[in-house]
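Please read the structure below before turning to the comments.
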Amino acid sequence: MNMKDTGVPDVFPRVAVLGAGTMGAGIAQVCAQAGSSVVLQDVADDLVQKGLGRVRDFLQKGVDKGKTTPNQRDAVLSRITTTTDRRAAARDAHLVIEAVPEKLELKNELFRELGSATSPACVLASNTSSLSLARVFAGVAGQARCIGMHFFNPVPLMALLEVVRTDASSQHTIDAVLAFGKALGKEPILVKDSPGFASSRLGVCLGLEAIRMLESGVATAEDIDKAMVLGYGHPMGPLKLTDLVGLDVRLAIADYLRKELDHPGFDAPGLMRRMVAEGRLGKKSGQGFYRW
Ligand code: CAA
C-alpha cells in the first residue's frame, strides 16, 4: 500500500472530496495516504461520519493484517477533516474531486457552484464512471482546469485510475492529475471524454452479455463467472461483479450507453430489468445473481 508518513504530494497538498459514500471515502483515504490534507464533505453529518468510519475500518483491517502500522493509521486519519459545507470544503483546495450520485443535473449544478467558489487554479475533477464530462462541466467557469478522475471500488486496493480529458482540459491539468495519480500509487490511463470512457464501456458490455447468457440458459451464474475467472484471469466474474456494483447502478449506465452509443450490445436484458423492479439489486439488497 502506498502510504507516506510525512511530506505532501507536490501537486495537490490540499484536496476536497465531495460525497462521502463508498467511492468518496476511498478517494479521501488514498489522498490522505499520499500525504495530502483532505476535507471530506457530504450533505449530512451522519453521512460524513459513516464515510470516515469506512476509512477507519479499512485502516484498522490493514493494521490487523499487518499491512499498516498503528502510526500510519493515525497519521492518515489525522489528515482527514469533515464538513457538511461544500463551499467551505472547496475554498482552499488545490484539487476538488466530486463523488456524488451519478445524476447529471446534480453534478452540473455542483460544478457550476464550484466554478466561482474555488480559486481559478484549483483543479475540478469528477469521479463519474460514464456520464459525458462535457455535460457535467457545461457552463463551469474555467474549463481548462476540469477533468475526469475515475477511481475503482475498492479504491484503496484497485490500481487503476482512469483520467478522462475533455476537449477543454489543459495539458497542465492533465499532467498534474497524471502525476497525482502516480503519487496515490495508482496506474493512470488517459482516455478521451466519450460515453463510458474505456472501463465502463467494456465492463458493462461484458456484464450485460453474461446476463443474456444466463437468461438463455447457456450456463449457471457460477459457471459463467468461472469462465472469465479461470479462463481469462479476471479476479471476479461479470455476474458477481454486477452484484457488487449493484444491478440498478449498472442498468442506469446500460440505458445511458445504449442511447449515447446507439449500439444494441448495450440493450439491458429483460432479466436485469425484472430483477431491479423486484429489488434484487445484488449485494446491497442481499440477493442478486448470488445470495449475499
Ligand atoms: N489494508 C491493507 N491491505 C489490504 C486490506 C486493508 N484493509 N484489505 C485487503 N488488503 C490487501 C490484502 O492483504 C491483499 O494483499 P496481498 O495481495 O499482498 O496479499 C490484497 O489487498 C487483496 O486482498 P484480499 O486477498 O483480502 O482480497 P482479494 O484477493 O479478494 O482481492 C480485490 C480483493 C482486489 C478487491 C478483488 O476481489 C478484486 O479485484 N475484485 C474485483 C473488483 C473490481 O472489479 N472492481 C471494479 C468495480 S467497477 C468500478 O468500481 C467502476 C465503477 O465505476 C462502477
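The values are calculated or read from the model by the stated rules, or taken from the named source; none is laboratory data. Just so it is clear, the structure is predicted and the values come from calculations on it, not from any experiment. Reconstructed Cβ throughout: ideal geometry from the backbone, glycine too, with neighbour counts over all protein chains shown. These accessible areas exclude ligands, DNA and RNA; they are computed on the full protein's heavy atoms, side chains included. Shrake-Rupley method; radii C 1.70, N 1.55, O 1.52, S 1.80 Å.
Quick notes on this one:
- Amide H contacts under 5 Å for residue 149, placed H, 5+ residues apart: 126, 127, 128, 164
- Using alpha-carbon coordinates, inclination of helix 247-261 to the longest axis of the chain, degrees: 90
- Summarising the amide proton neighbourhood of residue 160: residues at separation of 5 or more, or on other chains, whose placed amide H is nearer than 5 Å comprise 187.
- Under 14 Å from the Cα of residue 192 - aspartates and glutamates, other chains or at least 8 residues apart: 162, 167
- Legend: distances between Cα atoms for 65/103; 103/182; 50/107; 103/226; pairs beyond 30 Å are 65/103; 103/226.
- Ignoring the sites themselves, the chain has its longest run without trypsin sites (Lys or Arg not before Pro) in a DSSP loop having at most 15 other Cβ atoms within 10 Å at 104-292.
- Backbone geometry of the range 216-225 corresponds, through the Karplus equation with coefficients 6.51, -1.76 and 1.60 at θ = phi - 60°, to 3J(HN,Hα) couplings of 9, x, 5, 6, 6, 4, 4, 6, 4, 5 Hz, x marking Gly and Pro.
- Signed unit charges on C-beta, dipole axis of the chain, positive-most listed residue 70, 58, 125: 70
- 222 nm mean residue ellipticity, helices alone, for the chain (DSSP H n ≥ 4; -39,500 (n - 2.57); rounded to 500): -14500 deg cm²/dmol
- For the range 211-253, relative contact order (Cα pairs under 8 Å, six or more residues apart, normalised by length) works out to 25 percent.
- Expressed as a whole percent, the accessible area of the chain that falls on carbon and sulfur atoms is 54 (1.4 Å probe).
- Rg over Rh, two decimals, the chain (C-alpha only, Kirkwood Rh): 0.97
- Residue 84 sits with roughly 70 Å² accessible to a 1.4 Å probe, with DNA, RNA and ligands left out of the calculation.
- Amide H contacts of residue 282 (H built 1.01 Å from N, under 5 Å, at least 5 apart or other chain): 247, 287, 288
- Mean separation of Cα contacts under 8 Å, 6 or more apart, over the residue count of the range 180-262: relative contact order %: 26
- Heavy-atom accessible surface of the chain, averaged per residue, reaches 46 Å², computed with a 1.4 Å probe.
- The chain, relative contact order [Cα under 8 Å, separation at least 6], %: 14
- For the range 76-85, backbone phi angles converted through the Karplus equation (6.51, -1.76, 1.60; θ = phi - 60°) give residue-by-residue couplings of 5, 4, 5, 8, 10, 10, 10, 7, 10, 9 Hz, Gly and Pro being listed as x.
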